[in-house]
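Here is the structure we will look at, set down as structure tokens.
Computed from the coordinates by the stated procedures, all read-outs in this text should not be read as laboratory data. Because the structure is a prediction, the values reported are computed rather than measured. Cβ atoms come from the backbone with ideal geometry, glycine included; neighbour counts cover every protein chain shown.
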Amino acid sequence: MNPPRLILSGLHRGENPQPGAGLIKSIRAQFPGAFIIGLVYDAMESGIYMVDGPDQVYAMPYPTSGAQAYFRRLDEILALSPADILIPTLDAEIELLVHLEEEITRRGLRCVLPDKLTLQRRSKANLTELANLCDVAVPDTQPIYDLSGAYAVSRGLEFPLMVKGQYYDAKKVQHEGELAAAVSRLAAEWGAPVILQKCVDGPEFNALGLGDGKGGLVGLCCIRKTILSDKGKGLGGITINDPRLTDLCERLVRELKWNGPFEVELILDEKRGEYFLIEINPRFPAWVDFPSQCGANFAGALVRRLLDGVWPASLPTCPAGHFYLRHQIEVHGHVNQIAELAGTYA
């Protein structure tokens with residue numbers, strides 16, 4: 001069999017890194033001859049220039065430009081660099097592509113996506129309904145569409161509150177005076193609704209998984225965040241083995257019949273001894289390569305599924321006590337590379 005030729009995105013490696021760099025490392029560990037094409041939305045995405053990075057890079061129009069612009073550019077790329085597999089890694093891409101699988105297949109690309117209804121059910125706006133069905137605790141969470149709605153909802157939830165964009169980003173606000181700026185910024189950046197969520201105090205946990213589309217799990221790796229950035233992003237984590245957390249994830253996947261990669265974000269209320277569901281992200285997290293170093297290659301399993309048409313055997317459980325630390329490195333490039341990418345689409 002010829003080495004796979006893949007298209008993937010998410011090459012930003014800054015303070016809030018995306019999954020692309022980790023995916024590349026994991027995929028090459030299992031498929032050393034893989035040819036990897038990177039899609040970027042900004043010429044300054046540092047993963048473009050990393051050692052052992054993508055073999056070819058192309059600029060793309062933002063997903064908000066719509067399906068026509070996305071596929072017009074994708075056709076141009078495929079004419080120059082043919083590929084077999086597409087792995088979208090960003091929420092906005094998945095929102096665009098989730099109902100366009102025929103367009104993807106028509107181009108000879110294989111891709112694993114949840115269906116549109118499933119994607120909507122795990123959205124931040126619908127999280128409470130899903131959690132109730134799965135008997136999972138969730139902080140009081142309310143979608144809002146304007147500032148008057150934000151003020152009304154905030155009085156019922158009480159401060160402090162988390163204000164979240166529908167795709168990315170979150171801001172903790174301590175009082176009503178901070179609310180308008182946070183809601184306005186996130187609405188301008190990610191559109192409506194903006195989400196207001198009651199704060200839960202406690203340690204944070206993440207779970208990376210692959211769903212088989214039938215209600216089962218191909219693999220699951222759970223971590224406790226040990227170091228957080230100023231924006232609340234995990235700069236370090238350690239693998240854990242908690243049957244309560246595993247069972248919680250199994251209930252969610254069984255209800256959703258989730259197909260493909262996902263990340264569950266939770267906070268443990270230590271007084272009550274209960275996990276609170278915060279978010280379900282429909283993609284790999286930035287720390288996707290960490291489990292592969294513990295013997296569980298999630299990206300490799302996804303590529304194998306796309307090559308063979310069936311999911312491989314269940315991934316091994318990551319043993320507890322392994323940790324990762326995120327650190328900064330310098331990458332090297334030439335201004336000509338930036339000029340080449342910083343054109344119509346970047």
Between 66, 165, 219, find the one with the highest GNM mean-square fluctuation for the chain; connect C-alpha pairs within less than 10 Å. 66
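Work out the P(r) tail for the range 200-249: percent of alpha carbon pairs separated by more than 16 Å, whole number.
When every Cα pair of the range 200-249 is considered, 47 percent fall beyond 16 Å.
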Which residue, 247, 91, 289, has the most motion in a Gaussian network model of the chain that connects Cα atoms within less than 10 Å? 247
Under the Karplus relation with 6.51, -1.76 and 1.60 and θ = phi - 60°, whole-Hz ³J(HN,Hα) for the range 41-58, x at Gly and Pro, equal 10, 8, 5, 9, 5, 5, x, 4, 9, 6, 5, 6, x, x, 6, 8, 10, 9
Taking the range 216-317, which GluC sites (Glu not before Pro) meet the DSSP loop condition and have no more than 10 other C-beta atoms within 10 Å? 270
Hey, could you get me the Stokes-Einstein D for the chain, Kirkwood radius over alpha-carbon pairs, 37 °C and 0.692 mPa s, rounded to whole µm² s⁻¹? 157 µm²/s
Using θ = phi - 60° and the Karplus relation 6.51 cos²θ - 1.76 cosθ + 1.60, list the HN-Hα couplings for the range 138-152 in order, rounded to whole Hz, with x at every Gly or Pro. 8, x, 4, 10, 9, x, 9, 10, 7, 5, 5, x, 5, 5, 5
Once amide H atoms are built 1.01 Å from N in the peptide plane, which residues 5 or more positions from residue 137, or in another chain, come under 5 Å H to H? 277
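Let me check against my output: what whole-number percent is the relative contact order of the range 140-198, with C-alpha pairs under 8 Å and at least 6 apart?
Worked out over the range 140-198, it gives 48 percent.
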Tell me which of 81, 220, 50 sits at the most positive position along the dipole axis of the chain, charges placed on C-beta atoms (Lys, Arg +1; Asp, Glu -1). 220
Rel. contact order, % - alpha carbon contacts under 8 angstrom, at least six apart, the chain: 19 percent
How much FRET efficiency would the formula 1/(1 + (r/R0)^6) give for residue 158 and residue 314, where r is the Cβ-Cβ distance and R0 is 41 Å, rounded to 0.05? 0.40
Loop-located GluC sites (Glu not before Pro) in the range 116-208, at most 13 other Cβ atoms within 10 Å (DSSP): 158
Could you tell me which trypsin sites (Lys or Arg not before Pro) in the range 266-346 are loop residues by DSSP with no more than 15 other beta carbons within 10 angstrom of their beta carbon? 271, 272
Sorted largest first, the Cα spans of the range 1-159 on the principal axes come out in Å as 57, 35, 32
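Express the relative contact order of the range 217-346 as a whole percentage, based on alpha carbon pairs under 8 Å and six or more residues apart in sequence.
27 percent
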Just how far, in whole angstrom, is the range 200-226 from the range 97-153 if you go by their alpha carbon centroids? 17 Å
Quick check: pseudo-label points 7 Å beyond the Cα along Cα→Cβ at residue 117 and residue 133, how many nm apart are they? 0.9 nm
If you stretched the chain out fully between residue 174 and residue 227, how much longer would it get, using 0.36 nm times the residue separation minus the C-alpha to C-alpha distance? 16.8 nm
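Rounded to the nearest 500, what is the chain's calculated 222 nm mean residue ellipticity when only DSSP H runs of at least 4 contribute -39500 (n - 2.57) each, over all residues?
Value at 222 nm, helices only: -9000 deg cm²/dmol.
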Just list whichever of 116/198; 25/225; 124/172; 172/198; 124/171 have alpha carbons separated by over 18 Å in the model shown. 116/198; 25/225
With θ set to phi - 60° and the Karplus curve 6.51 cos²θ - 1.76 cosθ + 1.60, what are the ³J(HN,Hα) couplings of the range 280-286 in order, to the nearest whole Hz, using x for Gly and Pro? 10, 9, x, 6, 5, x, 5
Three-way shape call for the range 201-325 based on the alpha-carbon gyration tensor, with the a/c threshold at 1.5: prolate
Sorted by chain and then number, the residues having a modelled amide H within less than 5 Å of the amide H of residue 219, at least 5 places away or on another chain, are 210, 315
Please grab the % of Cα pairs in the range 140-198 that end up more than 13 Å from each other. 48 percent
Gaussian network model of the chain, Cα springs within a sub-10 Å range: biggest mean-square fluctuation belongs to which of 83, 181, 137? 181
Would you work out the charge dipole size for the chain about its Cα centre, treating the Cβ of every Lys and Arg as +1 and the Cβ of every Asp and Glu as -1, and quote it to the nearest 20 debye? 420 debye
